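For reference, the structure is listed below as structure tokens.
Read the figures in this text as sums done on the coordinates, not as results from a lab. These numbers were taken from a predicted model, which means no experiment stands behind them. All Cβ positions, even for glycine, are placed from backbone atoms using ideal geometry, and neighbour counts span all protein chains on display.
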Amino acid sequence: MPEFKASPPPAARPFELPVSALFGDRHIDAEHQVLVDILNGTIADFGSSGRLPSTRFAHDVAHLLDHLKQHFDHEEQLMTAARYPGLATHRAHHGCVLAKVSALRMEALQQTEIDKEPVFDLFDQVLDDLLRADLPFKAFLDANGLTGKA
Ligand SMILES: [Fe+2]
Ligand SMILES: [Fe+2]
């Protein structure tokens, strides 16, 4: 008789990397997945109380910022190598995302505890925004036969 393993409840992994956002470049896809995992890990840290000490939250967000910076640097290197014409605009977008997440961390440190709901909403926006912004680069790579080669 086949053994079925129960899937974790959806609430355990609220964010996912949609198939439509896959690049076909294993490094970029892996980096996006790591970012999704960090967002999920931060949300999981809130636990059932829905509240998290701000110092712990700020630590999680610093970890997220480190990975965002690494990923954005890598992506910009690929864009440069591929002579992507949207590089300057995309670099500015990366800067906006970093500023938004940095501001969240600084605001959190002004408080004692953080509520999960506004963080969840902001993470949802940030993830959607950063994946959506990458789509023109993916289309450029596809159109120029560079997918997986950049
Ligand atoms: Fe990007
Ligand atoms: Fe990206």
Which value, in debye to the nearest 20, gives the size of the charge dipole of the stretch 21-143 about its Cα centre, when Lys and Arg are +1 and Asp and Glu are -1 at the Cβ? 240 debye
Distribution of pairwise C-alpha distances over the chain, 10 Å bins, in %: 10, 38, 29, 16, 6, 0
Can you tell me the orientation of helix 26-45 relative to the chain, as the angle in degrees between its alpha-carbon axis and the longest Cα principal axis, to the nearest 10? 10 degrees
What is the percent of Cα-Cα separations in the stretch 50-135 that go past 17 Å? 50 percent
